[in-house]
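Written out below as structure tokens is the structure these notes cover.
Each reported figure results from applying straightforward, stated rules to the coordinates on display, with no laboratory input. Computed from a predicted model, the values in this text were never measured in an experiment. Cβ atoms come from the backbone with ideal geometry, glycine included; neighbour counts cover every protein chain shown.
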2 protein chains.
Amino acid sequence: MLDLYHAEPAANSLKSLIAIKEKGVPFNSHFVNLHQFEQHEPWFVKVNPNGQVPALVHDGKVITESTVINEYLDDSFEGPPLRPADPYWRARMRIWTKFVDEYFCPALSFIAWHHMIHNITDKLTPEEFEAKVARIPLKEQQDKWRTAARQGYTKEQLDNWGRQVRTSIERMEKQLGETAWLAGDQFSLADVSCFAMASGMPRMSPALVNPKDTPNFMRWHGRMESRPGVQAALAMPNPVRDTLEASRSKMSSALSS
Amino acid sequence: MLDLYHAEPAANSLKSLIAIKEKGVPFNSHFVNLHQFEQHEPWFVKVNPNGQVPALVHDGKVITESTVINEYLDDSFEGPPLRPADPYWRARMRIWTKFVDEYFCPALSFIAWHHMIHNITDKLTPEEFEAKVARIPLKEQQDKWRTAARQGYTKEQLDNWGRQVRTSIERMEKQLGETAWLAGDQFSLADVSCFAMASGMPRMSPALVNPKDTPNFMRWHGRMESRPGVQAALAMPNPVRDTLEASRSKMSSALSS
């Protein structure tokens, strides 16, 4: 029995959806609606006490953290390997997945949060909002929600995260000029992690990501989009698409400035 | 040929020193003196363009990031396994190493930095300091140095990092009440990562870490200290011991408050 709890196919949920689809492992999909705060509902906090998606449940054992889930899938199941066999390139792969978790993803996430939270919270009274926030298990996440919804982030913070996103794209562009995939000559979890963050960028941020300035990135992005596993992950249900699209157009101008 | 560039046996350098000693792999040790900014010297930036230790060079290939280095050592060499064979516990191990990298280590590092930087920088004129900072490859590290050396961090920031350190210890204490080691019944890289951060705590922060409040932690700490690999790592040369000791006593009061 394999159950994956995930949100729409974007960011960290997309990361594990791609891995599980590329691996070809059958699983039960459980959609958790972040726009309705379902990740903080008591039933889900029983699955993951941190109140975060994705979460994998395998024969009753819970595995959290998308990057850890992806290595677990490769450690546990038959199917195409998602990691280079060579230890050096495997290390290079892990430097990428770590970079995404510690640098690229947080920068994108704060920017997205800044532009998206009001779509989610403006329907709530201040009391309703505080009740939602009080349920969040992690203090750091509570702080993030309160700051974003109340005063918002400063221009200096947003500029810094925008710079980090550009640095991330530059770093990918450079590597993809040297090797076909991010961790050498083989598709790996490095590509999965980066694509999960950057999948929407050619459409959302054409000033940043385009055939003229980032040709290597664009070729790689095309090859990623043509993979059946990636297509299957992107085709997972997305009931919050409209809200995401509205936020993405706001993010687009933020990233281009 | 295996070369490890590392600083004194503390934090991330200790993390890789323990792994390499536990694995029993012969290597050439290269001490990089962080108190003399050697990690930003051109010769070292040629080894690791990020200007950070530890860095491993194996047959001419460079591997960076202590957590990645440690998995690489286990992927590449014979010797006692440093990771659980069971995929579930291996995933649990990775959740710990990730938690250390993203939460426990940054919190400790900012506090240490706050209390240590003046021991290092007060001998420099502002011009000399700025020249040192201008060589740092990563902008985030430049910002950290400038902020710490000039205005310092705010009480709110320091309090928050202190809370995160306490949360990290509580999380370890809880796990070590359930299993002998952090990732199950076997010593692993989870223990290496956590010990690299917490090795000095019983002495430095007895109000936080002691036999009465954290008995499981203390028993584990004792078992860690009795391992020959850990002892060999802690016995590596430490020419900056006096400066560290002076900073640790300042950190001690910060963590106990």
Which of B:162, B:182, B:214, positive extreme of dipole for the range B:157-257 (C-beta unit charges): B:162
Karplus 3J(HN,Hα) series, Hz, for the range B:221-230 with 6.51 cos²θ - 1.76 cosθ + 1.60 (x for Gly, Pro): 4, x, 5, 4, 5, 8, 6, x, x, 5
Listed peptides B:188-197, B:84-93 by packing density, highest first (mean Cβ within 10 Å): B:188-197, B:84-93
Partner chain coverage, peptide B:88-99 - average Cβ within 10 angstrom: 5
- request: Mind putting a number on the dipole of the range B:63-113 about its Cα centre? Charges go on the C-beta only, +1 for Lys and Arg and -1 for Asp and Glu, and I need it in Debye to the nearest 20.
  value: 220
message: What does the copy distance list look like for residue B:241, label position 7 Å along Cα→Cβ, in nm and ordered from shortest?
response: 6.6
field: Listed peptides B:3-12, A:221-230, A:150-159 by packing density, highest first (mean Cβ within 10 Å)
entry: B:3-12, A:221-230, A:150-159
field: Placed amide H near residue B:8: partners under 5 Å, 5+ positions off or other chain
entry: B:34
task: Could you go through the range B:108-120 in sequence order and give the Karplus-derived ³J(HN,Hα) for each residue, using 6.51 cos²θ - 1.76 cosθ + 1.60 with θ = phi - 60°, rounded to whole Hz, and x for Gly and Pro?
output: 4, 5, 5, 5, 4, 4, 4, 8, 9, 4, 5, 4, 8
message: I'd like to know which of B:129, B:76, B:53 lies farthest towards the positive end of the charge dipole of the range B:53-206, counting +1 on Cβ of Lys and Arg and -1 on Cβ of Asp and Glu.
response: B:129
- request: Report, by chain and number, residues whose modeled amide H sits under 5 Å from the one on residue B:61, excluding near sequence neighbours (fewer than 5 apart, same chain).
  value: none
task: Place the peptides B:53-60, B:122-129, B:237-244 in order of packing, highest mean first, counting for every residue the other Cβ atoms within 10 Å and averaging per peptide.
output: B:53-60, B:237-244, B:122-129
message: Using helices alone, I'd like the mean residue ellipticity at 222 nm for the protein assembly as shown: each DSSP H run of four-plus residues gives -39500 (n - 2.57), total over residue count, nearest 500.
response: -18000 deg cm²/dmol
Of A:98/B:98; A:15/A:144; B:155/B:250; B:46/B:132; A:15/A:98, pairs whose Cα-Cα distance is over 19 Å: A:15/A:144
- line: With one decimal in nm and the nearest listed first, the spacings from residue B:61 to its own position in the other copies, using label points 7 Å along Cα-to-Cβ, are 2.8
query: Name the chain B residue with the Cβ nearest the axis that maps B onto A: which is it, and what is the distance in angstrom?
result: B:102, 3
query: Which cross-chain or sequence-distant (5 or more) residues have an amide H under 5 Å from the amide H of residue B:181, H modelled 1.01 Å from N in plane?
result: B:186
task: Kindly give the distances from residue A:179 to its copy-mates, label point to label point, with each label point 7 Å from Cα along Cα→Cβ, as nm values to one decimal ordered shortest first.
output: 3.0
